[in-house]
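**Student:** The structure follows.
The values are calculated or read from the model by the stated rules, or taken from the named source; none is laboratory data. Remember, predicted model here, so these are calculated numbers, not experimental data. Backbone-built Cβ (ideal geometry, glycine too); neighbour counts: all protein chains shown. Note: areas computed on protein heavy atoms with side chains; ligands, DNA, RNA excluded. Shrake-Rupley method; radii C 1.70, N 1.55, O 1.52, S 1.80 Å.
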Amino acid sequence: MTTQNKIQPRQLGSKGLTVFPLALGCMGMSGMYGAADENESIATIQAALDRGMTLLDTGDFYGSGHNEMLIGRAIKDRRDKALISVKFGALRTPDGGWIGIDARPASVKNFVAYSLTRLGVDHIDIYRPARLDPQVPIEDTIGAIAELVTAATSDILGYRKWERTLFAAPMPFTPSVTYKSSIP
């Protein structure tokens, strides 16, 4: 006798998006671990979506933006199947070196504008800082992301569990709320 296990989707937070329990991390598709084949990477993303995987994880700094453009090409006619999680704020040199983190509110808004263009989408499903910026209060960074959620540029404000302990004051918003509307 054979039994088929159906993998159940999971909800992020109490009111969040529903996702397949595994995400496809796309960092290695943009040369972060060595050479990558673009056609194979696009085929991998499309095959994952076709098989029910929903969440694609990227960073705006993976391949200095290449990864977002790759994902944009892969999901061009499949946006309804894909949820996109973007990490932002890591600063790179032209040769790919790391030079810091920038999570200032103005930078957050600048980074999301570039990400939306590179991905070819009107919103990002999950938007979160790649690392804590020691020069910027976490409340300022999260406040800027909350403004993006309200403007429907991002559906969910994301942060790592340990980051929650860094807030000096209660947040004036609920980061796990999903907002769905489009930008004109």
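**Student:** Which ones in the range 107-127 are touching a residue at least 12 places away in the same chain (Cβ under 8 Å) and farther than 22 Å from Leu55 by Cα?
**Tutor:** Ser107, Lys109
To keep it simple, each residue is scored yes or no on (1) more than 24 Å from Cys26 (Cα to Cα); (2) at pLDDT below 95.
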{"position": "Arg118", "(1), (2)": "no, no"}
{"position": "Asp122", "(1), (2)": "no, yes"}
{"position": "Ile126", "(1), (2)": "no, yes"}
{"position": "Pro137", "(1), (2)": "yes, yes"}
{"position": "Ala144", "(1), (2)": "yes, yes"}
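**Student:** Ok, one more. Give the residue that is least open to solvent (accessible area, probe 1.4 Å), with candidates limited to residues of the range 31-66 that are closer than 28 Å to Val108 by Cα, outside any strand (DSSP E or B) and β-branched (Val, Ile, Thr).
**Tutor:** The qualifying residue least open to solvent (accessible area, probe 1.4 Å) is Ile45.
**Student:** Still on this structure: Going by the conditions given, is Gly65 touching a helix residue (DSSP H, G or I) at 6+ places or on another chain (Cβ under 8 Å) and touching a residue at least 40 places away in the same chain (Cβ under 8 Å)?
**Tutor:** yes
**Student:** Answer with yes or no whether Met69 is open to solvent by 40 Å² or more (accessible area, probe 1.4 Å) and modelled with pLDDT of 90 or more.
**Tutor:** Yes; evaluated as a whole, the condition is true for this residue.
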